[in-house]
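Take a look at the structure set out below.
The values are calculated or read from the model by the stated rules, or taken from the named source; none is laboratory data. What you see is a predicted model; the values in this text were computed from it and never measured. Here the Cβ is made from the backbone with ideal geometry for all residues, glycine too, and neighbour counts use every protein chain on show.
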Amino acid sequence: MIKSLKLLSILLACSLAFSCGEKEPKPQDPPQQEQPGENENPGETEKPETPPTPETPPTEVDKFEISTADDLVKLATWVNGGTNVKTAMLKNDIDMASVKEWIPIGNAVCPAGAVDATVTGHAWTGVFDGNGYKIKNLKMVANTSTAGANYGLFGVLAPGSLVQNFIIDASCSFEVTATASIATGIVAGYVFDATIRDITNHAPMTFKGKAGSVFMSMAMIGQVYCKDNGITIDSCHNNGEIKAENTDNMEAGAKAYHIAGIVGFAHALSGSAVMTTVSDCSNSGNLTSATGRTAGIVGAMNRNVQLVNCENTGNSFNTMPKEDGSRLGNITCNITAGCKMTGCVNKGNLISTTKGRCGGITSLSNTAEFVNCANYGEVLTDGQYRGLFWAYNTANATWKDCTASGKVGTYNNGSPVYDEHTEATKAQYLGVQKSGTSSTLTNINYLVGVKEPDKSDVVADLSILFIGNSFTMDAVTHLPGMLKAAGIEKVHMVHMYYGGRLVSQYNSGWTTSSDYHKYECLPGSETWSHTTSTNLAEIAASKKWDIVTIQEHTGNAAAWTWNTTAQSNIQGLVDKVKATQGTNVPKFYYILSQAYFNMGKIGTGSQPSMTWTDQAGMWDVIAAFGKNVMENVSFDGIISTGVMLQNLRTSNLDNDMNLTRDGYHMDNGISRYGASCTVFETLITPKFNVTMDGNSYRYNVSDTGESSYTTPVTDINAPMALQAARYAIQSPYVVTDMSDYKVNVPGNSIGDVGYTEGSKE
């Protein structure tokens, strides 16, 4: 019976198969292919596969993390579509090789060069924190024909926004082929009352724009405009080569093509009291151009702009087609009334082949103020308007405590003929002054044609290597001047600097990261010289060091929480340096950094790790971390510049900026002076038995602008800073109240604190 049922089932199955017209394929037969247009149900149209529904951008995002190129593209797409992204941050290096066309983040329209900013569309409004990572293989081409369509990694930065702390790798490139008035910058095209800081560019920038007699610009930042809140451009560095073609624009004023290393054009609303501050920025990229305005730092300082401690080492070669058509300066081309330049240095050469108006620092100085600036480069042009400081000035500028070195003369088809003036007429080296006007010259140091003696072969009695970030820069800036005033000639110092870098990054990039800024003070010199493109391993191995200092980045959670990772990173760096020294045994010191005035200045990515809400809480965490460093890592001593600042904040010298220049970096004057006193009496005094008592070095610059706030160092307040330093040496973790300290009373009982070499207190 069972067999009969099985047979019946088989016959039924076969019958159904044949009735459907199907043929059972043999196992070896290939699968039958569907023919175009064929359908199992004749008369019905085949429905195409439904594409995936694109992600709908949200209205607002608190935190946007970027780990891939797609993430960065998505950020731009969302922002340009109207999404309010409060914070975006890089989580690692970003390789953009797959991106064929870059659309800027904040792709708004804002007329470049306009007297007042009118933003149409969506600008970047939030905080972008690169966390020290690199952007690689990004090819940017500004090819728009729309006027005001500003271009860069960011298009337009809106008031209150912040972009910070990343590297644009040499594998990237930036090219401008636009045919309309546009501000372009490899970081940002247009910056409106915003902040950019701690960014280094290694990529080349090339200008091929053709828009005729209209404003165009190219730099790291194309144009800045301040109106209500001011602008901060801090610690931005261009190392990339700059090239600019020109066939259609013979302008030399506001309608010129502006090409520069850091900012193309800086402007402010007429009548506005706020400033644009460009501080601690540098350009080492050589500039080959044919445009009307080119400069290493800022193309034009048009209104309400101050430059502080900026340096150009790049050479400039200009072939503007129109004779006497270019206005060229290696710091800036034009600086107007209400602008100021402090502590800025040019070391690059400037050449015009077509009689351009060339100045080592600026082409036109107007009524601006210049303090503690210097030119060491050559200035060559066959035009009559040339000088080591300025080319041709039509107003009464002020120059104080400035150095005129280098040479000035005619280009003479590549065979320079240098100018020669008498002692009585040496001011003519500085530039040509319009008849009937007179610039004020005070304490000008003439070193024309005199090259500073080579001191590289002088045997130093003390060699110090500082490894750190901008807070280390705060601590050591004034040391060369202090050493000179103390009569100490044989100290060799090198500071390996990168803004915002962590000790873990020092370790991981020991041999591979060649993006450091090397600041060097040779024996007997009273200034720091600046070079780039070197790594820590090379410098550590370059000589036998007596002292090495290390500093962690205080604005990062890495310096707040002590754990085995922190210990291994710091000890690992110490061990790497030791391994380069052979039988030499340097002493190692840890620099304990400062607490912030403005908690909002702490890196966005680190803010979730904060366990405090105010400065006192931040200092407690810093001090606790420092104690752990000294207990668990093989350091010989500590340099507590941080507690020096806390001490000074308790005195009557405290001010509205809490002795900072921008909310977190030290005041350029008295605060940095006190920090350098701390370093001097910790490292220099034990070796040479010389204290800072009676030291004549002073920093006389005064400034009340945010981002550059400076309390000058005087005979009255210098002893207070020194005492704050001595309290810091004596008690590196504990704040000493100096509210009763009387700076105006002679014999104020400032004595040397006890110092035990090698102490870990």
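Could you check segment 631-722 for helices (runs of 4 or more DSSP H) lying wholly inside it with 1 or more residues that are surrounded by fewer than 21 Cβ atoms within 10 Å (Cβ to Cβ)?
685-688
Hey, any hits in segment 399-414 for a residue that's in a loop (DSSP other than H, G, I, E, B), under 19 Å from Val448 (Cβ atoms) and in contact (Cβ under 8 Å) with a residue 60 or more places away in the chain?
Yes, segment 399-414 contains at least one residue that is in a loop (DSSP other than H, G, I, E, B), under 19 Å from Val448 (Cβ atoms) and in contact (Cβ under 8 Å) with a residue 60 or more places away in the chain.
For a quick check of your reading of the model, give me the residue pairs whose first member lies in segment 711-730 and is farther than 12 Å from Thr678 by Cα, whose second is among the acidic types (Asp, Glu) and surrounded by 21 or more Cβ atoms within 10 Å (Cβ to Cβ), with beta-carbon atoms closer than 9 Å and at least 6 apart or on different chains.
Pairs found: Thr711/Asp667; Thr711/Asp703; Pro712/Asp703.
Considering only residues that are under 27 Å from Gln164 (Cβ atoms) and out of contact with any Phe, Trp or Tyr (no Cβ under 6 Å at 6 or more places or on another chain), look in segment 535-549 and name the one that is surrounded by the fewest Cβ atoms within 10 Å (Cβ to Cβ).
So the residue we want is Asn535.
Among Tyr151, Tyr190, which is out of contact with any Leu (no Cβ under 9 Å at 6 or more places or on another chain), aromatic (Phe, Trp, Tyr) and over 24 Å from Gly500 (Cβ atoms)?
Exactly one residue qualifies, and that residue is Tyr151.
Residues are listed down the side, and each one gets a yes or a no for (1) more than 16 Å from Met301 (Cβ to Cβ); (2) surrounded by fewer than 24 Cβ atoms within 10 Å (Cβ to Cβ):
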residue: Asn349; (1), (2): yes, yes
residue: Thr354; (1), (2): yes, yes
residue: Cys358; (1), (2): yes, no
residue: Val379; (1), (2): yes, no
residue: Asp382; (1), (2): yes, yes
residue: Leu388; (1), (2): yes, no
residue: Thr398; (1), (2): no, yes
residue: Asp401; (1), (2): yes, yes
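With respect to Ala123, determine if the residue is at pLDDT 95 or above and farther than 24 Å from Ile233 by Cα.
Judged against the criteria, Ala123 is not a match.
Just checking, does segment 304-311 include any residue being out of contact with any helix residue (DSSP H, G or I) (no Cβ under 7 Å at 6 or more places or on another chain), farther than 21 Å from Asn372 by Cα and touching a residue at least 12 places away in the same chain (Cβ under 8 Å)?
no
May I ask you to say which residue of Val491, Val476, Val408 is of a type outside the set (Gly, Ala, Ser), surrounded by 19 or more Cβ atoms within 10 Å (Cβ to Cβ), assigned by TED's automatic domain parsing to the domain that holds Arg327 and in contact with a helix residue (DSSP H, G or I) (Cβ under 7 Å, 6 or more places away or on another chain)?
Exactly one residue qualifies, and that residue is Val408.
Report the residue count in segment 533-549 for those that are more than 18 Å from Val574 (Cβ to Cβ) and touching a helix residue (DSSP H, G or I) at 6+ places or on another chain (Cβ under 9 Å).
0
Testing Ser213 on (1) of a type in the set (Ser, Thr, Tyr); (2) assigned to a loop (DSSP other than H, G, I, E, B); (3) crowded, with 24+ Cβ neighbours inside 10 Å, one condition comes back false. Which one is that?
(3) is the only condition that Ser213 fails.
Evaluate segment 605-617: report whether one residue or more is touching an Asp or Glu at 6+ places or on another chain (Cβ under 8 Å), within 30 Å of Gly126 (Cα to Cα) and surrounded by 17 or more Cβ atoms within 10 Å (Cβ to Cβ).
yes
Need pairs with beta-carbon distance below 8 Å; first residue basic (Lys, Arg) and within segment 319-339, second modelled with pLDDT under 95 and surrounded by fewer than 19 Cβ atoms within 10 Å (Cβ to Cβ); sequence gap 6+ or separate chains.
Arg327/Gly253
How many residues are under 18 Å from the mean Cα position of the chain (by Cα) and surrounded by fewer than 24 Cβ atoms within 10 Å (Cβ to Cβ) when one looks only at segment 218-231?
Going through segment 218-231 one residue at a time, the tally reaches 1.
Suppose we keep only residues that are among the charged types (D, E, K, R) and surrounded by fewer than 20 Cβ atoms within 10 Å (Cβ to Cβ) within segment 130-174. Which one would you say is nearest to Ala266 (Cα to Cα)?
Lys139
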